[in-house]
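Here is the structure we will look at, set down as structure tokens.
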Amino acid sequence: MTSGPKAVGIGRRRPRIARDSTVAVAIFLLPAIFILAVFVVYPIGFTVIRSLFSATGNAFVGLDNYRRIVTQPRTLVALRNNAIWVMVVPIAVTSVGLVFAVLSERVSWGLAFRVLIFVPLVVSGLAAGVTFRFVYAHDPDVGLANAVVRSVTDVLRPPGAYAGARPSNPERVAVDGETFQTAESLTTGEVAHFGFVAIPSAQIPESAAAAPHHIDPGDFGDPDSIVAGVVWFDFTRGGGGTRGAVDDGELGLPDVIVHIEHYGVTVDTTTTDRSGLFVFDGLDPGEYTIVLDERSFRTPFGGLAWLGPGLITGALIASYIWINAGFALIIIGAGLSGINRDYIDSARVEGANELQILVRITIPLLRQALMVVVVTTTISVLKIFDLVIVIAPESVQADATVLALEMWRASFGGARDFGLGSALAIVLFILIIPAMVLNVRRFRLED
Amino acid sequence: MRNAEVISDYGIPPFSIGGASAWTLTDWFENIYLHSAGPELYDQLTNHEIPWTHPSVREAMSLFVNILERREWLAGGVAGTLEATHPDGIVKPFMSPPQAAMAYGADFSVGAILDQTDAVVGETARFFDFPTIRGSAPSVVGGGDVAVAFTDNDETRQFIRYLASPEAAEVWAPLGGYTSPNQQVDPSVYPNEVSRGSARALQTADVFRFDMSDLQPSAFGSTAGQGLFGLLQELVRNPQNMDAILERLESEATEAHGRR
């Protein structure tokens, strides 16, 4: 990469060196050329040749490995993901860095702020990746991301006391989302039975008492004006007992909100007592439906699958930005401190607002620094590997995969297909060339 | 299955599967297949003499699907299963409060349980053999390490022979995580009930078969995200697509075996 400027330097000096010392120059250059040839040129050449051979290297296959790259679903996913990374990340990292850099100049604790944003960069990518795997864990008790989401959803939609419960007598209980109702309507004087299973014992309140074996509506007044029922945990330890019937020791579920409906219109609402019993009285004789309110059965927010196939690339990109915002901040911050303040001050005097100053004055003056960040980030994003392999569980790596990961997996991840691996390496190399050229040209300009 | 139903009714997911480590899934399938289809078909499938769409494979896979399609039976649900590695999955039954009731593991899994949880092997952690299916013979699927000698001389041979002997096993076994294939090894040398149980299962089994996925071309049997590994994870995600998945297994197996 640096051979360009070097050559220029030598050219400039040549007149001062005697002609017969070209030999000396060659001798001095030899070690560098040798190292370059052995460690850079030869591997590239060998990889190009190797990419034209089969997995084992025995057969010449021409461009077949390249054809596979653009036809196999897996490598196509890798190409697509690399495209997403390159389109999103350099711009995002630069924007975040720019905002942080401008902000850190305005706040009095700017230095502390810069240090804070910079810290992730000194952590190894692997360690940061492992940390993010926990951040994105599906279980909100483990994963920070889902814990944050849950703390919001719990307020908007508080989970029920008996979340996750299933009716034990499905033929008598109709399920509609998280509400349960009697499958057939009841006439006054009848009793509704709502047996439930799959309630972790910790969710059943201490106050729960044994559910009543037998309910006689007559006990509560005129049977013709009464509909009663019981909501209970239909589980006997060891799996004994009769499903759908209240057995000895089975507990009632207290505080379930119960509605009684008459042709879809709620007539009355009550809650179950300690033994899971509920009674509606003073009803007109007729047909009724009992509905258990979903508030008692709502399942808590289960967590977004950050590490699932749909969100994984977004989650990876977010973690990359978190790590590299510090790099952008430092480069852009340095550029910012080199700007002539007079431009900004005079713009302000002329009445430009902060946004106008940023877009019209700061960003154009920072063009150099912004380019450095964009180009460097593009190169590092094209060859992204560590975060993907560490954060993405094996089960979604086919969805999260990128070229560098595919290259490694094809060669060393079990398939041992060095032909395909080499071809992927060459594709990656070609993709990086434009960014490299930009970088080299920039070096020259700085000279 | 009936036990799983009871456990689930009680409010605990019966199964914990560390599905991010795909070999746990292939082991599940291999055990089901060896028990339901028997060793002859197991060998034929291993050598890809019968296709992955064979009725016996379909039947074994359906048995697995019976578990997978009951989302509430899986600790952590589908997402939790697919992001848990084997060590994550194996410890779930032993956490406080327990997050699952049963986990399938190998002899070396005991280490993770002892290291990461307060479980006492034999008291709060118990071992049972993979259940028989319709009265199948006691069968074991195992993986193993192979000692390879790079130098062919008397000393090397004697050393290899020693490694295979009961005496060597009695030195190694008490350290845990190791089961000797030598039938003369006294089960009492194993350090805990789980290791002893797996040793006993290995010694008394009528049928022993080597891990099928380990015997496949690696592109099909042991590469993350493709072949058996990728497609069994796909099965966890979409058990209703079993038929399509079996067909893709067959086509990937054909390609991988052909390339060998």
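Observations on the model:
- Per-pair calculated FRET efficiency, R0 = 25 Å: residue A:437 and residue A:83 via Cβ, rounded to 0.05: 0.80
- For residue A:267, residues with placed amide H under 5 Å, excluding near neighbours: A:260, A:261, A:262
- Rounded if a/c under 1.5, otherwise prolate or oblate - the stretch A:27-145, Cα gyration tensor axes: oblate
- The stretch A:363-447 - percent relative contact order, Cα under 8 Å, separation 6 or more: 28
- With contacts taken as Cα pairs under 8 Å at a separation of at least 6 residues, chain A carries a relative contact order of 24 percent.
- Remark: A:214, B:257, A:138 ranked as A:214, B:257, A:138, counting other beta-carbon atoms within 10 Å and listing the fewest first.
- Counted over the protein assembly as shown, the DSSP beta bridges are approximately 65% antiparallel.
- 3J(HN,Hα) from dihedral phi, the stretch A:46-55, Karplus parametrisation 6.51/-1.76/1.60, rounded to Hz, x for glycine, proline: 4, 5, 4, 5, 4, 6, 9, 10, 6, 3
- The distance from the alpha carbon centre of the stretch B:181-195 to that of the stretch A:37-63 is 50 Å, rounded to a whole number.
- Between residue A:54 and residue A:295, full extension at 0.36 nm per residue minus the direct alpha carbon distance yields a gain of 80.6 nm.
- Relative contact order (%) - the stretch A:166-296, alpha-carbon pairs under 8 angstrom, separation at least six: 30
- Chain A shape via C-alpha gyration tensor axes, a/c threshold 1.5: prolate
- Applying 0.36 nm per residue to the separation of residue A:72 and residue A:347 and subtracting their alpha-carbon distance, the gain on full extension is 93.5 nm.
- Highest mean first, the peptides A:51-59, B:11-19, A:296-304 sorted by other C-beta atoms within 10 Å per residue fall in the order B:11-19, A:296-304, A:51-59.
- Computed FRET value (nearest 0.05) for residue B:251 with residue A:284, which takes r as the C-beta separation and R₀ as 60 Å: 0.35
- Averaging the Cα positions of each part gives two centres, and for the stretch A:119-155 and the stretch A:64-87 these lie 29 Å apart.
- Chain lengthening between residue A:224 and residue A:126 when straightened (0.36 nm per residue, less Cα-Cα): 28.1 nm
- 3J(HN,Hα) from dihedral phi, the stretch A:369-376, Karplus parametrisation 6.51/-1.76/1.60, rounded to Hz, x for glycine, proline: 5, 5, 4, 4, 5, 4, 5, 4
- Rounded to the nearest 10 degrees, the angle from helix A:3-13 to the longest Cα principal axis of chain A is 20 degrees.
- Amide H contacts under 5 Å for residue A:61: A:53, A:54, restricted to partners 5 or more places along the chain or on a different chain, H placed in the peptide plane at 1.01 Å from N.
- Taking A:445, B:34, A:126, A:98 and counting other C-beta atoms within 10 Å, the order from fewest to most: A:445, A:126, A:98, B:34
- FRET efficiency for residue B:182 and residue B:205, using Cβ-Cβ distance with R0 set to 22 Å, rounded to 0.05: 0.95
- 3J(HN,Hα) along the stretch A:135-149: 4, 8, 3, 5, 5, x, 6, 10, x, 5, 4, 6, 4, 5, 4 Hz, from the Karplus curve 6.51 cos²θ - 1.76 cosθ + 1.60 with θ = phi - 60°, whole Hz, x for Gly and Pro.
- Test item: B:74-81 mean partner chain Cβ contacts at 10 Å: 5
- Cα centroid separation - the stretch A:212-235 against the stretch A:343-411, whole Å: 67
Quick note: the coordinates plus some simple rules give every number you see, no bench work behind them. What you are looking at is a predicted structure, and each value in this text was computed from that prediction instead of being measured. Reconstructed Cβ throughout: ideal geometry from the backbone, glycine too, with neighbour counts over all protein chains shown.
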